[in-house]
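Derivation of every value follows stated rules applied to the coordinates shown; laboratory data play no part. This one's a predicted model, so the numbers in the text were calculated from it and none came from an experiment. Neighbour counts are summed over all protein chains in view; Cβ atoms, including those assigned to glycine, are modelled from backbone coordinates with ideal geometry.
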Amino acid sequence: MTKESPAAYRITDLSSSDRPRERLAELGPQALSNAELIAISVRKEYHHHGIGRKLVEHLEAGFQEWQVDHFYHVATDIRDPLSNAFYLGMGFNKYGVKRFTNFSLQIYEKKIFKQV
């Protein structure tokens, strides 16, 4: 990771205990939560075209279709103002910060309600 590209961290920057695939291999399926999505990203040349918004809306529509009624969490590099503004604009609330050796993640939370 360089100072010039603050959001350029990789999954390999995380400890193995924070990587779902490694937890699965080392500890078995009981080590994973019910659902873990590792990453969704939109290439910079496609930012501001509504793609990220559509991805989040589609995910949330799936939650509602499955009658899910809970909070869900997303995380982004705490130093990336664009992605942090995106999640706040999508109705997420700041939930906490997870610190690693080389970077910190801002954790956001959003409530999904079942459709009646």
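Observations on the model:
- Cross-link reach is defined here as a Cα-Cα straight distance under 16 Å, omitting same-chain residues fewer than 8 places apart; for LYS94 the lysines meeting it are LYS110, LYS111.
- Each of LEU88, LEU105 was scored by other Cβ atoms within 10 Å of its Cβ. Arranged with the fewest first, they read LEU88, LEU105.
- Spacing of the two label points (7 Å from each Cα toward its C-beta) at TRP66 and HIS49, in nm: 2.8 nm
- The share of C-alpha pairs in the range 14-112 whose separation exceeds 24 Å stands at 30 percent.
- Relative contact order (%) - the range 49-111, alpha-carbon pairs under 8 angstrom, separation at least six: 34 percent
- Computed from the Cβ-Cβ distance with R0 of 30 Å, the FRET efficiency linking LEU27 to LEU59 stands at 0.70.
- For the range 89-116, backbone nitrogen atoms closer than 16 Å to the point 7 Å from THR12 Cα along Cα-to-C-beta are found at 102.
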